[in-house]
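*Asks:* Have a look at this one before I ask anything.
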Amino acid sequence: MELTFTWIAVVLMAITSTGLLLIRDWRWNVILLAIQYLGMFVLTLQHWPVGMASVKVVAGWMSAAILGMTRSGLPDEPAVHENFWPRGWLFRLFAAVTVLLIVAVVTPSVDTIMADAGFPVTNGGLLLIGMGLLHLGITARILDVAIGLMTVLAGFEIIYATVEGSILVAALLAVINLGLALVGSYLLIASNTQEAESL
């Protein structure tokens, strides 16, 4: 039963990370990021107690709330027509499927190196790292960059939780998450102010 929940979490994270690449509405992106942290909670729960794993989901939800509240106070961006290459949704879907295939191939060898951390845990961590790096590589919008960085960090935290059980490390990673959200919200406000002054 426990293995079923972990695989459900991996599938959930695959759906949310792909959705973050395809969907351009910031509201849905914040919701998908929050759901992604719920899947991360389930995977870190395999190696950490509930109290420590809940730090991850609380810090992630707070980070998503910070980004969402900041973005809600800014004017809507004009709709941008995206061509197929290299920014269209079909290209992003193709790139996401490529990352999913690479992660599926690499997971068994990485799981062996990680002293059998658990196939779903290794798969979920690598999936978030790959999708986050892809997100960073194809976007320049500040909110998307912040979400991409948080996705990469979430994948790293899942894998790192298998080898380190320190409360101090969990707190430090939560502070880094919140710091990324605060820097992202500051940059959102600063870029909006700069655009308003240039008009």
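The values are calculated or read from the model by the stated rules, or taken from the named source; none is laboratory data. What you are looking at is a predicted structure, and each value in this text was computed from that prediction instead of being measured. Counting neighbours? That spans all protein chains shown, and the Cβs are built from the backbone with ideal geometry, glycine included.
*Asks:* Pick out the one residue from Ile189, Ile167 that is surrounded by fewer than 16 Cβ atoms within 10 Å (Cβ to Cβ), touching a helix residue (DSSP H, G or I) at 6+ places or on another chain (Cβ under 7 Å) and over 20 Å from Trp26 (Cβ atoms).
*Replies:* Exactly one residue qualifies, and that residue is Ile167.
*Asks:* Any residue that is assigned to a helix (DSSP H, G or I) and free of Cβ contacts under 8 Å to residues at least 40 places away in the same chain - is there at least one of those in the stretch 73-85?
*Replies:* Initial filter on the stretch 73-85 (assigned to a helix (DSSP H, G or I)): none.
The answer is no, given that none of the residues of the stretch 73-85 is assigned to a helix (DSSP H, G or I) and free of Cβ contacts under 8 Å to residues at least 40 places away in the same chain.
*Asks:* Is it true that Arg92 is in contact with a Leu (Cβ under 6 Å, 6 or more places away or on another chain) and at pLDDT below 90?
*Replies:* Numbers: in contact with a Leu (Cβ under 6 Å, 6 or more places away or on another chain): yes; at pLDDT below 90: yes.
Yes; evaluated as a whole, the condition is true for this residue.
*Asks:* Considering the stretch 51-89 alone, what residues qualify as being among the β-branched types (Val, Ile, Thr) and either at pLDDT 90 or above or within 12 Å of Ala154 (Cβ to Cβ) (or both)? It would help to see each step written out before you state the result.
*Replies:* Our first condition is that a residue be among the β-branched types (Val, Ile, Thr); within the stretch 51-89, this holds for 55, 57-58, 66, 70, 80.
Listed by number, the residues that qualify are Val55, Val57, Val58, Ile66, Thr70.
*Asks:* Would you say Met1 is out of contact with any strand residue (DSSP E or B) (no Cβ under 9 Å at 6 or more places or on another chain), of a type in the set (A, V, I, L, M) and either surrounded by 18 or more Cβ atoms within 10 Å (Cβ to Cβ) or at pLDDT 90 or above (or both)? Before the answer, list the steps.
*Replies:* Working: out of contact with any strand residue (DSSP E or B) (no Cβ under 9 Å at 6 or more places or on another chain): yes; of a type in the set (A, V, I, L, M): yes; either surrounded by 18 or more Cβ atoms within 10 Å (Cβ to Cβ) or at pLDDT 90 or above (or both): no.
No: the conditions fail for Met1.
*Asks:* Sort out which residues of the stretch 30-47 are of a type in the set (S, T, N, Q), at pLDDT 90 or above and under 19 Å from Ile167 (Cβ atoms), and write them in order of number. Give the steps one after another, and end with the answer.
*Replies:* Within the stretch 30-47, the subset of a type in the set (S, T, N, Q) is 36, 44, 46.
Filter once more, keeping what is at pLDDT 90 or above: 36, 44.
Listed by number, the list holds a single entry, Thr44.
*Asks:* Continuing with the same structure: Scan the stretch 98-137 for residues that are closer than 15 Å to Thr44 by Cβ and part of a helix (DSSP H, G or I) and jot them down.
*Replies:* Hits for the stretch 98-137 are Pro120, Val121, Thr122, Asn123, Gly124, Gly125, Leu126, Leu127, Leu128, Ile129.
*Asks:* Among the numbered criteria (1) surrounded by 14 or more Cβ atoms within 10 Å (Cβ to Cβ); (2) farther than 20 Å from Tyr186 by Cβ, which one does Trp61 miss?
*Replies:* (2)
*Asks:* With respect to Ala104, determine if the residue is more than 21 Å from Leu173 (Cα to Cα), at pLDDT below 90, surrounded by fewer than 21 Cβ atoms within 10 Å (Cβ to Cβ) and among the small types (Gly, Ala, Ser).
*Replies:* Details: more than 21 Å from Leu173 (Cα to Cα): yes; at pLDDT below 90: no; surrounded by fewer than 21 Cβ atoms within 10 Å (Cβ to Cβ): yes; among the small types (Gly, Ala, Ser): yes.
No; evaluated as a whole, the condition is false for this residue.
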